[in-house]
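A.B. asks: Okay, handing you the structure first.
The values are calculated or read from the model by the stated rules, or taken from the named source; none is laboratory data. All figures in this text were calculated on a predicted structure; none of them were measured in a lab. All Cβ positions, glycine included, derive from the backbone under ideal geometry; neighbour counts span all protein chains shown. These accessible areas exclude ligands, DNA and RNA; they are computed on the full protein's heavy atoms, side chains included. Shrake-Rupley method; radii C 1.70, N 1.55, O 1.52, S 1.80 Å.
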Amino acid sequence: MKRVMVIGASAGAGKSTFARKLGEKTGIEVHHLDVLYWKPGWVESGLQEFSDAQCEIVKKKQWIIEGNYSNTFEIRAAACDTVIYLELPLYLCLYRVLKRWAINLGKTRPDMAAGCREKMDWKFIKFIVTTYGPRKKKMAERLDRFDSEGKKVVLLTNKADIDSYIDDLNFKTNNVS
């Protein structure tokens with residue numbers, strides 16, 4: 001496990017927190033796609049700029065990249081050796097997104113680009129609700145593909161499994177770029 005994709009069924013699945021803990025445990029540098037995608041004031045990066053940033057990261061010997069972003073998914077998928085997929089229930093994802101918003105109101109989270117203060121709108125809630133089912137189906141297909149390609153696939157579907165996965169890791173690697 002040197003090049004790891006952390007993906008999830010939805011916002012609020014715990015990708016950022018999991019990736020941070022995995023990075024602490026393994027010593028592998030974590031890259032949050034939200035940091036690469038968003039510019040201050042919630043300005044979106046262009047697709048080429050966003051893609052180029054990921055292409056530079058995947059050249060490294062070790063990395064953990066957290067986030068879904070379908071338009072650049074294959075950049076990471078082609079280079080990873082491990083895929084960790086968090087699939088928590090929709091109601092829990094929604095609860096976590098709302099809780100995260102309330103806790104971080106007026107602040108910028110560490111897994112978010114500088115100058116992007118926490119915000120919430122109905123468009124985002126609607127996005128979560130309407131994409132959850134189709135995304136689960138698409139991710140199942142992707143996980144099958146990754147497995148057939150010989151990549152390590154880890155499916156975690158509840159908090160206990162997520163916590164025990166991190167706790168059961170018994171190695172620490174050197175961060176090699």
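A.B. asks: For region 86-96, name all the residues that are exposed (fewer than 15 other Cβ atoms within 10 Å of the Cβ) and either in contact with a Ser or Thr (Cβ under 9 Å, 6 or more places away or on another chain) or among the hydrophobic types (A, V, I, L, M, F, W, C) (or both).
C.D. replies: Pass one, region 86-96, residues exposed (fewer than 15 other Cβ atoms within 10 Å of the Cβ): 89, 91, 95.
If the condition is that a residue be exposed (fewer than 15 other Cβ atoms within 10 Å of the Cβ) and either in contact with a Ser or Thr (Cβ under 9 Å, 6 or more places away or on another chain) or among the hydrophobic types (A, V, I, L, M, F, W, C) (or both), then Pro89 is the only one that fits.
A.B. asks: Another one. Considering region 45-72 alone, what residues qualify as being touching a strand residue (DSSP E or B) at 6+ places or on another chain (Cβ under 8 Å) and either closer than 19 Å to Ala13 by Cβ or among the acidic types (Asp, Glu) (or both)?
C.D. replies: Ile64, Ile65, Glu66, Gly67, Asn68
A.B. asks: Another question, then. Can you tell me which residue among Lys15, Lys21, Lys99 is modelled with pLDDT of 95 or more, over 26 Å from Lys126 (Cβ atoms) and among the basic types (Lys, Arg)?
C.D. replies: On the way: Lys15 fails: over 26 Å from Lys126 (Cβ atoms); Lys99 fails: over 26 Å from Lys126 (Cβ atoms).
Selected residue: Lys21, the only one of Lys15, Lys21, Lys99 that is modelled with pLDDT of 95 or more, over 26 Å from Lys126 (Cβ atoms) and among the basic types (Lys, Arg).
A.B. asks: Next question, about the same structure. Going through region 97-154 one residue at a time, which ones are under 20 Å from Trp38 (Cβ atoms), open to solvent by 90 Å² or more (accessible area, probe 1.4 Å) and assigned to a helix (DSSP H, G or I)?
C.D. replies: Once the filter is applied, which keeps residues that are under 20 Å from Trp38 (Cβ atoms), open to solvent by 90 Å² or more (accessible area, probe 1.4 Å) and assigned to a helix (DSSP H, G or I), region 97-154 yields Ile103, Trp122, Lys123, Lys126, Phe127.
A.B. asks: Just checking: which of the helices (runs of 4 or more DSSP H) contained wholly in region 1-78 hold 1 or more residues that are within 20 Å of Arg100 (Cα to Cα) and β-branched (Val, Ile, Thr)? Reasoning before the result, please.
C.D. replies: Values: elements: 15-26, 33-37, 47-58.
Fully inside region 1-78 and qualifying: 15-26, 33-37.
So that you can scan it fast, the table gives a plain yes or no per residue for (1) of a type outside the set (A, V, I, L, M, F, W, C); (2) in contact (Cβ under 8 Å) with a residue 60 or more places away in the chain:
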residue	(1), (2)
Leu105	no, no
Arg117	yes, no
Trp122	no, no
Thr131	yes, yes
Leu143	no, yes
Ser148	yes, no
Lys151	yes, yes
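A.B. asks: Please work out which one of (1) surrounded by fewer than 19 Cβ atoms within 10 Å (Cβ to Cβ); (2) at positive phi is the condition Gly67 fails and give its number.
C.D. replies: Of everything listed in (1) surrounded by fewer than 19 Cβ atoms within 10 Å (Cβ to Cβ); (2) at positive phi, Gly67 misses just condition (1).
A.B. asks: Being under 21 Å from Ala9 (Cα atoms) and open to solvent by less than 10 Å² (accessible area, probe 1.4 Å): is that true of Arg76 here?
C.D. replies: On the way: under 21 Å from Ala9 (Cα atoms): yes; open to solvent by less than 10 Å² (accessible area, probe 1.4 Å): yes.
Judged against the criteria, Arg76 is a match.
A.B. asks: What are the residues in region 85-115 that are more than 21 Å from Ser51 (Cα to Cα) and in contact with a Phe, Trp or Tyr (Cβ under 8 Å, 6 or more places away or on another chain), if any?
C.D. replies: Leu86, Leu90, Cys93, Val97
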